[in-house]
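> I'd like to ask you about the structure that follows.
The values are calculated or read from the model by the stated rules, or taken from the named source; none is laboratory data. It should be emphasised that the depicted structure is a prediction, and the values quoted were computed from it without experimental measurement. In this analysis, Cβ positions are derived from the backbone assuming ideal geometry, glycine residues included, and neighbour counts consider all displayed protein chains.
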Amino acid sequence: MFKKLLCFLSLLALVLAAGCGAKNGAGAQTAAKPEAKPAGLSQEAAPQKTTTVIKLMDGTKYATPAYIYKSAKPGPAVLVVGGVHGNEPAGALAAKKFCDVPLLKGTLIVVPRANETALQEKIRTLPETGDLNRAYPGKEKGTPAEQLTYGIVKLMKENQVAMVLDLHEGYAFNYENHKSVGESILPGTDDKSTFLAMDAIEFINKQITEPKKKFNVLANPVKGSTAWYANTVLKVPAFTIETSDKQPLEDRTNFSFTIAKFIIANGTGIIAQ
Ligand SMILES: [Zn+2]
């Protein structure tokens with residue numbers, strides 16, 4: 001009976017690991033499943049990929065999945081994080097969209113809802129959690145924010161990420177109110193981050209007619225943040241992308257997704273632009 005139950009649970013883990021939309025019951029263990037090629041893409045364009053789901057802070061109210069998509073074709077690894085702040089839902093929704101993007105090569109890791117409890121409460125973060133975006137590099141037995149960021153750092157290191165993007169929202173338009181980072185990209189201090197951010201701004205601003213809503217490049221990811229850690233400690237290109245919550249949710253989700261996709265495609269080639 002016990003063996004049968006174990007077998008059933010393993011099977012369940014494989015099924016649940018299929019994508020971002022699935023609820024993950026796999027716990028701390030990982031589960032891998034080869035996926036069918038997305039329709040409409042050639043053999044070369046969409047090699048097979050496996051999906052592994054790891055749950056950060058499993059067994060607690062902070063538990064949140066990390067999806068690791070690995071292509072059969074070798075290439076660099078990229079991490080996309082969303083939902084670090086619970087009152088910035090566009091970042092979480094934009095990150096989630098990456099679960100459905102065809103992978104051309106390499107590895108794509110998505111943590112769409114880094115701060116699950118805050119997203120549920122629609123607040124920046126719960127007081128007892130701490131601010132994830134000031135908690136890097138985190139601690140194994142620290143505050144919830146430190147434990148979550150410790151888990152994300154582990155993902156970065158184990159997969160030797162070549163690029164990190166963290167999707168956020170500001171409260172205004174930076175062009176109109178310089179105190180807000182809304183509608184901006186904060187690249188790492190290296191040349192590659194800076195140039196990719198400038199190219200992405202040029203690309204996205206062509207789609208925005210109102211001058212005050214255009215995106216800016218600002219300096220640089222704040223100390224203790226996801227992109228700061230990746231850029232200054234791991235020395236890889238990294239970006240904090242900020243939309244403005246003055247825009248409709250659907251628009252800012254799409255801006256965030258489009259900018260991140262442009263940067264990943266042009267910076268690593270693991271997905272198409
Ligand atoms: Zn934020």
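> Would you please list the contacts, defined by Cβ atoms under 6 Å and residues six or more apart or on different chains, that run from a residue in the stretch 63-75 that is more than 8 Å from G106 (Cα to Cα) and buried (at least 21 other Cβ atoms within 10 Å of the Cβ) to a residue that is modelled with pLDDT of 95 or more and of a type in the set (S, T, Y)?
I68/T52; Y69/T51
> Same structure again: From the residues in the stretch 158-202 that are touching a residue at least 40 places away in the same chain (Cβ under 8 Å) and of a type in the set (S, T, N, Q), which one is surrounded by the most Cβ atoms within 10 Å (Cβ to Cβ)?
S193
> Filtering the stretch 98-123 down to residues that are surrounded by 21 or more Cβ atoms within 10 Å (Cβ to Cβ) and within 18 Å of E250 (Cβ to Cβ), which residue is farthest from the ligand (Cβ to nearest atom)?
Looking at the filtered set, the residue picked out is F98.
> If you check G86 against the conditions, is it of a type outside the set (A, V, I, L, M, F, W, C) and under 21 Å from G151 (Cβ atoms)?
Yes, satisfied.
> If you go through the stretch 258-270 one residue at a time, how many are buried (at least 20 other Cβ atoms within 10 Å of the Cβ) and in a loop (DSSP other than H, G, I, E, B)?
Of the residues in the stretch 258-270, 1 are buried (at least 20 other Cβ atoms within 10 Å of the Cβ) and in a loop (DSSP other than H, G, I, E, B).
> Within the stretch 199-231, how many residues are part of a helix (DSSP H, G or I) and modelled with pLDDT under 95?
Within the stretch 199-231, the subset part of a helix (DSSP H, G or I) is 199-205, 211-213, 226-231.
Subsequent filtering for residues that are modelled with pLDDT under 95 retains 211-213.
Number satisfying all stated conditions: 3.
> Shifting gears a bit: From the list K235, K179, K192, which one is within 24 Å of I152 (Cα to Cα), charged (D, E, K, R) and part of a loop (DSSP other than H, G, I, E, B)? Steps first, please.
Working: K179 fails: within 24 Å of I152 (Cα to Cα); K192 fails: part of a loop (DSSP other than H, G, I, E, B).
Being within 24 Å of I152 (Cα to Cα), charged (D, E, K, R) and part of a loop (DSSP other than H, G, I, E, B) holds for just one of K235, K179, K192, which is K235.
> Which residue is nearest to E169 (Cα to Cα), if the candidates are limited to the stretch 69-91 and must be away from the ligand (no atom under 16 Å from the Cβ) and part of a loop (DSSP other than H, G, I, E, B)?
Of the residues in the stretch 69-91, the ones away from the ligand (no atom under 16 Å from the Cβ) are 69-79.
Right, trim to part of a loop (DSSP other than H, G, I, E, B) and you get 72-76.
Working: A72: 34, K73: 34, P74: 33, G75: 30, P76: 27 Å.
Per the criteria, the residue is P76.
One line per residue, one yes/no per condition, for (1) within 22 Å of A92 (Cα to Cα); (2) within 16 Å of the ligand (Cβ to nearest atom); (3) touching a Lys or Arg at 6+ places or on another chain (Cβ under 9 Å):
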| position | (1), (2), (3) |
| --- | --- |
| D190 | no, no, yes |
| N216 | yes, no, no |
| A227 | yes, yes, no |
| I241 | yes, yes, no |
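> Hey, another quick one. Please tell me if E146 is surrounded by fewer than 19 Cβ atoms within 10 Å (Cβ to Cβ) and either in a loop (DSSP other than H, G, I, E, B) or among the charged types (D, E, K, R) (or both). Before the answer, list the steps.
On the way: surrounded by fewer than 19 Cβ atoms within 10 Å (Cβ to Cβ): no; either in a loop (DSSP other than H, G, I, E, B) or among the charged types (D, E, K, R) (or both): yes.
In short, no.
> Shifting gears a bit: So which residues in the stretch 243-257 are in a loop (DSSP other than H, G, I, E, B) and more than 16 Å from the ligand (Cβ to nearest atom)? If you could, list the steps in order and put the result at the bottom.
Step one: list which residues in the stretch 243-257 are in a loop (DSSP other than H, G, I, E, B), which gives 245-248.
Residue satisfying the conditions is P248 alone.
> Identify the residue in the stretch 159-172 that is of a type outside the set (G, A, S) and within 16 Å of the ligand (Cβ to nearest atom) and, among all such residues, is farthest from I208 (Cα to Cα). Don't jump to the end; show me each part of the working.
Initially, the stretch 159-172 is screened for residues of a type outside the set (G, A, S), giving 159-161, 163-169, 171.
If we keep only those that are within 16 Å of the ligand (Cβ to nearest atom) as well, we get 164-169, 171.
Details: V164: 25, L165: 22, D166: 22, L167: 19, H168: 19, E169: 17, Y171: 18 Å.
My answer is V164.
> Spot the failing condition for E128; the list is (1) in contact with a helix residue (DSSP H, G or I) (Cβ under 6 Å, 6 or more places away or on another chain); (2) away from the ligand (no atom under 12 Å from the Cβ); (3) in a loop (DSSP other than H, G, I, E, B), and only one is missed.
The one condition E128 does not meet is (1).
> Quick check on K96: is it assigned to a helix (DSSP H, G or I), basic (K, R) and at pLDDT 95 or above? If you could, list the steps in order and put the result at the bottom.
Values: assigned to a helix (DSSP H, G or I): yes; basic (K, R): yes; at pLDDT 95 or above: yes.
Judged against the criteria, K96 is a match.
> What do you reckon, is K246 crowded, with 16+ Cβ neighbours inside 10 Å, in contact with a Lys or Arg (Cβ under 9 Å, 6 or more places away or on another chain) and of a type in the set (D, E, K, R)?
Numbers: crowded, with 16+ Cβ neighbours inside 10 Å: yes; in contact with a Lys or Arg (Cβ under 9 Å, 6 or more places away or on another chain): yes; of a type in the set (D, E, K, R): yes.
Against the criterion (crowded, with 16+ Cβ neighbours inside 10 Å, in contact with a Lys or Arg (Cβ under 9 Å, 6 or more places away or on another chain) and of a type in the set (D, E, K, R)), K246 qualifies.
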